[in-house]
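Bear in mind these aren't lab numbers, they're just calculated from the coordinates by the rules spelled out. Just so it is clear, the structure is predicted and the values come from calculations on it, not from any experiment. Cβ: placed from backbone, ideal geometry, glycine included. Neighbour counts: every protein chain shown.
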Amino acid sequence: MIQGIGASSGIAIGKSFVLPSWEWEFPEQRVDVADFAREFERVYEGIRTSKHEIEQMKDELREVVGVDETNIFDAHIAILDDPVFMNEIQGIIQRQYKAAEVAVKEAIDHFVTMFDLLDDDYMKERALDIKDVGNRLLKHLLGAPEITLPSDTLPFILIAKELSPSQLAHINPQNVLGIVTLVGSATSHSAIMARALGVPLVVGVEAKLEEPIQTGQTLIIDGSTGALYLEPEQPLIDKYSELQSIQKEARKQLNSIAGHRPVTPDGKMLELAANISSYKELEIALSSGAHGVGLFRTEFLYMDRNRFPREEEQFEVYRSVAERLEGEPLIIRTLDIGGDKQLDYFNMTEEDNPFLGYRAIRISLHRKDLFKTQLRAVLRASFYGQVKLMYPLISSVEEVRAANAVLAEAKRELEAEGIPFDKGLKVGIMIEVPAAVIIADLLAQEVDFFSIGTNDLVQFTLAVDRMNEEISHLYEPFHPAVLRMLKLTAEAAKRNGIKVGVCGELAGDLRALPIWLSLDVDELSMSSHSILQVKERLLSTSQKDSRVLLPQLLECRTSADIHEKLKQFADGVAIGRTASELER
């Protein structure tokens, strides 16, 4: 067995196909000064063609994997538009009298080497984006064909040194059983794409291989554990085939409960909603049994364009989602950009620590013109369904009041114009910074509901950037401090008679379910693919037993102790034992 990194779950059993590396051949002759303009134009034309191809890929993939994943390609377009990249190419042509394709290759190598030398795993992953974009541009300059995958063979497990998002965009999941890359990480863009496509992926096996994998070898890969087996014996193939069948049957069983009410055996109703970014994602969520939308990430309406969306554009999207939900709740989060989400057309100054800087509600309150445009669109859509409004990254009562003041202005304008809206529109906030938790009792008196954004709350509470692989092991959602933060927030909401939900990654984590039940949380909002798994566990987990567990968790001094208690509880649920029995 070769141990790699599991980057996209699932089991694949089949023959390997090794993706060949393309060896470019470059002209050696120098170009004359008189030819510079022609070489520049060749580069410009290659960039135009490359951008057009990338846009086409985005359009084709959007319906398959959703908006979040296709925004990966915005980074590729940004590279092609980057003046630094272009200046480097032009400089090589002018200084060294080299042809366009040679200049592009040297520019790529320069930036890739620079990124690889940085002591930052995230930036090293971005080097692959530069290679991907550069190879696309080189393909046009050299007139070379793209390497294509076999389409006339049985389904195969794809093997590659590394795999770019562009290459992944062209794979047919029906032909590709799974993927193994020699290098890479679980946080790469390719891994994100593989998970969205539902293709098992194992990465980072190069150092473990004694000999290169050859096309036609029989493999087993487990994208959950990162295990890779070369030429396995029949008993092992039989074992993993059985596991595959069990997984398929489990998915079938999950689909059968899509229409069930999300209620515990002792009667606690816990609404299971979806996090979405687009109307197309809504359809996937509804088919997975989602009861409404607990988080509509509106920032994706602002991306993939060259200007801010107008009120009418936003209104049409919000209205269509509200109508499709047919009375189920729709929580629309106002613009949440900054940090790792940038807009090409919105010039934001470079910050040393953008996650703690100019972002989310801070931008909205600074650019009230943009904020009011969005609020008017949300208000107008509220006439067509059960729409609620939510402000992100709130850290003070002053911010809530300032935001509500702009909302009041928008309401007055619509009333004066005779445009209908829900005058009782409910307004909530995301609890995602420790300051908001500490004053949650004060904030609860200002709003109608809380939604706990666990991703940022864990990150800020523990001072850990979860995208930094050097310290990602410190990102621990079940840290005792995080558990106390969750308890403080939920109790403040309940004392003040407002509802509390959860919309971060932890909402879809099965281990956390007894925590939410014990805290009497009203709603969990998660990725669509998690809803049925959480519902299945919910149907067999009692709130009474969960409340017995909570004091035990709060007494734990370490995350490991909390994990162990939660595991014991989950095992007890699986075999029908109660938390009370476990305690005894």
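Let me check against my output: what whole-number percent is the relative contact order of region 447-573, with C-alpha pairs under 8 Å and at least 6 apart?
Values: 151 pairs, mean separation 33.8, N = 127.
Once normalised by length, the contact order is 27 percent.
Could you tell me which of rounded, prolate or oblate describes region 226-317, using a ≥ b ≥ c as the square roots of the eigenvalues of the alpha-carbon gyration tensor, with rounded for a/c under 1.5 and, failing that, prolate when a/b is larger than b/c and oblate otherwise?
Details: a/c = 3.90, a/b = 1.61, b/c = 2.42.
Because a/c hits 1.5 or more and a/b fails to exceed b/c, region 226-317 counts as oblate.
Rounded, prolate or oblate: pick one for region 406-488, where a ≥ b ≥ c are the square roots of the eigenvalues of its C-alpha gyration tensor, a/c under 1.5 means rounded, and failing that, prolate if a/b is larger than b/c, else oblate. Let's see the in-between values first.
Details: a/c = 4.10, a/b = 2.41, b/c = 1.70.
In terms of gyration-tensor shape, prolate.
Set the Förster distance to 22 Å, then compute FRET efficiency between Leu488 and Ser396 from the Cβ-Cβ distance, nearest 0.05. List each step's numbers first, then the result.
Details: r = 17 Å, r/R0 = 0.76.
Rounded to the nearest 0.05, the efficiency is 0.85.
What's the FRET efficiency of Leu356 with Arg511 using the Cβ-Cβ distance as r and R₀ = 41 Å, to the nearest 0.05? Intermediate results must be reported in sequence, preceding the final value.
On the way: r = 29 Å, r/R0 = 0.71.
It comes to 0.90.
How large is the charge dipole for the chain, taken about the Cα centre, if only the Cβ atoms of Lys, Arg (+1) and Asp, Glu (-1) carry charge, to the nearest 20 debye? Don't skip to the end; give the middle numbers.
Values: 63 positive and 91 negative charges, 393 e Å.
In debye, rounded to 20, the chain gives about 1880.
Test of understanding: what is the full-extension gain from Ser256 to Gln568, defined as 0.36 nm times their sequence separation minus their Cα-Cα distance? Show your work: numbers first, answer last.
Numbers: separation 312, 0.36 × 312 = 112.32 nm, distance 2.75 nm.
Computed gain between Ser256 and Gln568 is 109.6 nm.
Which value in nm describes the separation of the simple spin-label points at Ala75 and Gln96, placed 7 Å from the Cα toward the beta carbon?
Computed distance between label sites Ala75 and Gln96 equals 2.6 nm.
If a/c stays under 1.5 just call it rounded; otherwise compare a/b with b/c (prolate if a/b is bigger, oblate if not). Do that for the chain, with a ≥ b ≥ c from the square roots of the Cα gyration tensor eigenvalues.
Values: a/c = 1.98, a/b = 1.26, b/c = 1.57.
Here the chain falls in the oblate category.
State the answer as a single residue: which of Pro232, Met114, Ala403 lies farthest towards the positive end of the charge dipole of the chain, with beta carbon charges of +1 for Lys and Arg and -1 for Asp and Glu, about the Cα centre.
Of the listed residues, the answer is Ala403.
Just list whichever of Lys15/Lys105; Lys544/Lys565; Lys372/Lys423 have alpha carbons separated by over 25 Å in the model shown. Let's see the in-between values first.
Numbers: Lys15/Lys105 34 Å; Lys544/Lys565 16 Å; Lys372/Lys423 16 Å.
From Lys15/Lys105; Lys544/Lys565; Lys372/Lys423, over 25 Å: Lys15/Lys105.
Tell me the relative contact order for the chain as a rounded percent, counting alpha carbon contacts under 8 Å between residues six or more apart. Before the final figure, lay out the partial values.
Numbers: 1019 pairs, mean separation 81.4, N = 584.
Here the relative contact order equals 14 percent.
Take the residue pairs Lys58/Lys208; Lys58/Lys411; Lys388/Lys494 and return only those whose Cα atoms are more than 25 Å apart.
Cα-Cα > 25 Å for Lys58/Lys208; Lys58/Lys411; rest within.
Given R₀ = 22 Å, what would the calculated FRET efficiency be for Met348 paired with Asp465, taking r from the Cβ atoms and rounding to 0.05?
Values: r = 19 Å, r/R0 = 0.87.
With a Förster radius of 22 Å, E is 0.70.
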